[in-house]
Amino acid sequence: MKKLLSFKIPLIIGSILLIYLLGCVYFHFHYLPRTYIGDLSVGGKSVKGLEKAMNKLVDKYKLTITDRNGDTFKILGSDIDYTYTPTSQESEILDEQNSLTWPVAFFQKKTYSLEGATSYDSDKTEALIDEMSFMQEENMRAPENATIEIGTKDYEVVDEVKGDTVIADNVHNEILEALNAQLEEYTLSDNCYENPEITKDSEAMKEATAAIDSYMASTVTYDINGYDEALSSKEILAMITVDDDLNVSLDESAVTKYVQYLASTYNTYGDVRSFKTSLGDTVEIGGGDYGWIINKSGEKEQLLSDLAGGKAVEREPVWEQTALYSGADDIGNTYIEVDYTNQHMYYYKDGEKVFDCDVVTGNLTRGNGSPDGIFKIVYKQKDATLVGENYESAVSYFMPFAYNIGFHDASWRNEFGGTIYKTSGSHGCVNMPSDKAQELFSMVETGTPVVCYYREAVQLTNNACKLSNAYSYVAAESNE
């Protein structure tokens with residue numbers, strides 16, 4: 001057995017070596033396996049064999065062009081006078097190949113072109129290309145950029161549309177190159193078409209979606225007692241605009257509209273309120289200058305800043321004016337109540353009545369009715385001089401609440417309450433007995449709400465009522 005093996009192994013090796021040597025000799029005169037001229041396979045052919053194959057190819061040559069839409073167009077060699085003329089290139093290709101590597105060549109495809117060996121009528125070719133349907137303007141669709149569509153709940157990136165508007169010069173160049181390379185099939189590249197400037201994967205799109213995501217992450221929750229108010233991602237999305245160049249910004253008119261909503265919802269300045277009186281009934285009273293007011297320009301500026309921050313924010317609105325208490329009941333349980341009709345006032349501290357007395361208020365007959373509405377103690381002053389058009393009064397305790405109208409002592413009066421105010425009332429202030437004025441002055445704090453009301457319908461026309469936004473103010477009729 002060993003003798004048999006020792007005989008066969010050299011025989012096998014010798015056979016392989018012989019086959020290899022024969023192959024080396026053969027491929028010295030023939031092209032290596034897997035050699036191509038364009039799409040034409042010439043492996044194992046001689047130079048003469050290549051020339052013969054090229055002549056056959058020319059006789060039946062056809063180039064199939066595939067456009068972006070997958071449609072095909074054919075150029076026949078006979079239509080463009082396609083011819084083949086042998087050159088030195090056929091031998092040069094063979095000479096540059098290494099026949100010693102023929103076994104490896106089975107695994108390596110090599111493609112060549114015979115530059116100048118083929119020719120065609122350029123004018124016929126150019127005209128044939130121009131007549132193809134995809135070259136006609138009426139058949140072209142313009143490219144469309146990728147866009148962003150803002151929905152009610154989210155946004156969507158809409159893919160670009162490549163279109164099929166050709167760049168004529170590039171089409172001609174690529175087809176001519178395919179003919180020169182003796183190719184039988186060729187698909188036009190993207191360079192032959194006008195392409196969208198913005199795609200779904202472009203950097204501009206990534207930046208735009210990142211900007212939208214940042215805005216939507218910037219939720220704002222408002223800290224308003226008794227309310228649950230928040231600017232949600234959905235509402236922020238509705239404020240976002242994206243232009244044709246994918247610049248993302250906030251629609252300031254939408255932000256302004258939202259701020260106006262906040263003001264309309266949470267401003268209490270001048271609101272009509274249902275107020276339970278000390279006598280147990282309920283009156284409707286509005287006007288005055290007490291209450292919350294959102295600073296709309298300041299809130300808009302702050303909101304734009306918050307939304308640009310990309311973070312969740314919790315804060316109060318930017319207030320232009322605040323009240324003593326927040327929430328729906330901003331009067332609270334510490335306030336002064338003035339019942340003009342009954343000429344009596346009350347002071348409540350933490351819900352308990354701690355003070356009350358008769359008063360004399362503005363003379364309605366002379367048009368000096370005291371302003372009704374909801375106000376607040378603006379300041380307190382001792383030893384003040386009250387000056388009007390035709391009067392000057394020195395008082396010891398002055399507590400203004402509506403323009404120049406306030407509580408003060410009236411030492412010149414002997415009686416308070418009743419109906420004195422209708423014919424012999426004040427110029428608008430709330431007159432009090434001196435000891436009562438001193439007592440109230442020592443108790444009440446600046447900023448305390450003051451609720452003033454008439455139980456009957458009145459018409460207040462004086463300037464103090466106008467300037468203090470009195471609930472019952474009506475413009476005086478012009479004499480002109």
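Brief remarks follow.
- Test: residue in region 176-190 that is modelled with pLDDT under 95, within 34 Å of the chain's Cα centre (by Cα) and surrounded by fewer than 17 Cβ atoms within 10 Å (Cβ to Cβ): yes
- Residue satisfying all of: in region 251-269; touching an Asp or Glu at 6+ places or on another chain (Cβ under 8 Å) and of a type in the set (V, I, T); farthest from S305 (Cα to Cα) among these: T268
- Selected residue (criterion: surrounded by the fewest Cβ atoms within 10 Å (Cβ to Cβ)) from residues of region 373-419 that are touching a His at 6+ places or on another chain (Cβ under 9 Å), under 20 Å from C357 (Cα atoms) and hydroxyl-bearing (S, T, Y): S396
- The one condition in (1) under 30 Å from T87 (Cβ atoms); (2) charged (D, E, K, R); (3) crowded, with 16+ Cβ neighbours inside 10 Å that D164 fails to fulfil: (1)
- Highlighted here are the helices (runs of 4 or more DSSP H) found entirely within region 84-146 that include at least 2 residues which are aliphatic (A, V, I, L, M) and under 60 Å from the mean Cα position of the chain (by Cα): 122-131.
- Set side by side, the residues A394, A402 differ, and just one is more than 23 Å from T448 (Cα to Cα) and aliphatic (A, V, I, L, M), which is A394.
Residue by residue, here is whether (1) in the same structural domain as G362 (by TED's automatic domain parsing); (2) of a type in the set (S, T, Y); (3) not in a loop (DSSP other than H, G, I, E, B) holds:
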position	(1), (2), (3)
Y379	yes, yes, no
V395	yes, no, yes
P400	yes, no, yes
H408	yes, no, yes
R413	yes, no, no
F416	yes, no, no
T423	yes, yes, yes
G428	yes, no, no
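- Subset tally (residues that are within 20 Å of I80 (Cα to Cα), of a type in the set (K, R) and either in contact (Cβ under 8 Å) with a residue 24 or more places away in the chain or in a loop (DSSP other than H, G, I, E, B) (or both)) for region 36-66: 2
- Residue pairs meeting the criteria (Cβ under 9 Å; at least 6 apart or on separate chains; first closer than 14 Å to W319 by Cβ, in region 263-281; second small (G, A, S) and surrounded by 17 or more Cβ atoms within 10 Å (Cβ to Cβ)): N267/G291; T268/G291; T268/A323; Y269/G288; Y269/G291; Y269/A323
- Restricting attention to region 257-303, the residues that are surrounded by 16 or more Cβ atoms within 10 Å (Cβ to Cβ) and part of a helix (DSSP H, G or I) add up to 10.
- Selected residue (only one of A230, A238 is assigned to a strand (DSSP E or B), of a type outside the set (S, T, N, Q) and either modelled with pLDDT under 95 or in contact with a helix residue (DSSP H, G or I) (Cβ under 8 Å, 6 or more places away or on another chain) (or both)): A230
- Hey, G362 in contact (Cβ under 8 Å) with a residue 40 or more places away in the chain, in contact with a Cys (Cβ under 8 Å, 6 or more places away or on another chain) and either basic (K, R) or not assigned by TED's automatic domain parsing to the domain that holds M216 (or both) or not: yes
- Filter pass, Y112 being of a type in the set (S, T, Y) and either within 30 Å of T165 (Cα to Cα) or at pLDDT 90 or above (or both): no
- If you go through region 113-132 and keep only what is closer than 17 Å to D79 by Cα and in contact (Cβ under 8 Å) with a residue 60 or more places away in the chain, you end up with T118, M132.
- Residue in region 223-241 that is surrounded by 18 or more Cβ atoms within 10 Å (Cβ to Cβ) and of a type in the set (F, W, Y) present: no
The values are calculated or read from the model by the stated rules, or taken from the named source; none is laboratory data. Bear in mind that the values here come from a model prediction, so they are computed numbers and not experimental data. We place every Cβ from the backbone using ideal geometry, glycine too, and count neighbours over all the protein chains shown.
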